[in-house]
Amino acid sequence: MQRFVDLTLNGISRGAVYAAFALALVLIWRSTRVVNFAQGAMGMLTTYLALVVIESGLPYWVGFAVALAAGLVLGAVLERVVVRPVEKGPELNAVIVTLGLFVALQALAAVLFGSAYESFPAPFPLTGFSVGGTTVAFTPFDAFVVLAVLAVMLALVALFRLTDLGLRMRASALHEEVSRLLGIRVGRMLTLGWALAAVVGSLAGLLIAGGSLIHPAYMEPVIVFGFVAAVLGGLDSPPGAVVGGLLIGLALSYVSGYLGSELVALAALAILVVVLLVRPRGLFGRTTERKV
């Protein structure tokens, strides 16, 4: 029973990290209709910037803020300089560009910071809570991760459902020409979508790095599992991203604990294939009706 409880708590904590990355994918999809495969590399780069700040002697939270601010600027700059020139072409062009950015940013991080493993601090203790004299596999930092992800989810739901800004961002992504006729600055909305998604991606990078080792490729597993979580929950749904992340985290934790860690990647692939076959739009995705 204790093993099951530990695996469940570990799945929740890891699933929250996958959910954070899935939220970044959902945000950029809803605001630009682009799947950004460079999201993980962008988060990795800003996490290294946070580490530089922390190692210089400044508090953790200063590095945390610097990483989020750097993500905001990086997302806006990449959209303006790299993605904007190909946005008018076929939709696949932007996706291919993000794949190129993924490779380029990883190479840049290796040049600037090296390929060696670096220890990244955590703002809260990494010792599990004690319940009835038993230490469980859930730490104060894990609690922080879960609360941070829930806060981001609520913020995104409020943005897209309750604000005019969110409505303009969605309109710009779905109906660009109509939005321009209505006076919406479509270019600014797309830039803002990239910038905000990069902030959430930077948060995901910080959360997965806390209390562990980082290197230029440390986000790669999170990219895979976060993408599966986003597809599982639905690319249009922030709550779906959180639910999808938690479900993936739990499923992979049970597979690793009971069947072996070597089957984790295969399990993630199987979940992705099943979701695409049974419910392609995800658990929370909506089917759009079209009149002919």
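The values are calculated or read from the model by the stated rules, or taken from the named source; none is laboratory data. Just so you know, these numbers come straight off a predicted model, no measurement behind them. Note that each Cβ is placed from the backbone with ideal geometry, even for glycine, and that neighbours are counted across all protein chains shown. With ligands, DNA and RNA removed, areas are computed over all heavy atoms of the protein, side chains included. Shrake-Rupley method; radii C 1.70, N 1.55, O 1.52, S 1.80 Å.
Some observations on this one:
- Against the set (i) 65, 48, 34; (ii) 49, 46, 37; (iii) 62, 41, 40, the structure's computed Cα extents along the principal axes in Å falls on (i).
- Average accessible surface for the range 200-292: 48 Å² per residue, computed with a 1.4 Å probe over protein heavy atoms with every protein chain in place.
- Cut-off of 10 Å, at most 10 other beta carbons, DSSP loop: longest stretch of the chain lacking such trypsin sites (Lys or Arg not before Pro): 89-285
- Most positive-pole-ward Cα, A195, T32, G226, against dipole of the chain from beta carbon charges: T32
- Projected-area mean, the range 8-107, by convex hull of Cα positions, square nanometres: 7.7 nm²
- Label-reachable residues, the range 237-275, where backbone N falls under 17 Å from a point 7 Å from A158's Cα toward its Cβ: 238-239
- Computed [θ] at 222 nm, deg cm²/dmol, the chain (DSSP H ≥ 4; -39,500 (n - 2.57); rounded to nearest 500): -23000 deg cm²/dmol
- With each label modelled as a point 7 angstrom along the Cα→C-beta vector, the Y258-R279 pair spans 2.1 nm.
- Spin-label model, A151/L266: points 7 Å from Cα along the beta carbon direction are separated by 4.1 nm.
- Whole-percent carbon and sulfur share, accessible surface of the chain, 1.4 Å: 68 percent
- Average accessible surface area per residue within the range 1-125, 1.4 Å rolling probe, Å²: 44 Å²
- Segment L126-V81, extension gain: residue separation times 0.36 nm, minus the distance between their alpha carbons: 12.2 nm
- Estimated FRET transfer efficiency when R0 is 22 angstrom, pair L108-E55 (beta carbons, to 0.05): 0.70
- Between the range 138-153 and the range 69-114, the alpha-carbon center distance in angstrom: 28 Å
- Taking 13 Å as the cut-off, the amide N atoms of the range 36-72 that come nearer than this to a point 7 Å along the Cα-to-beta-carbon line of L99 belong to 36-38.
- Sparse packing (at most 12 other Cβ atoms within 10 Å of the Cβ) combined with a DSSP loop state is found for the following chymotrypsin sites (Phe, Trp or Tyr not before Pro) in the range 67-149: Y117.
- Assigned charges on the beta-carbon of Lys, Arg, Asp, Glu; the chain dipole about Cα centre (debye): 1000 debye
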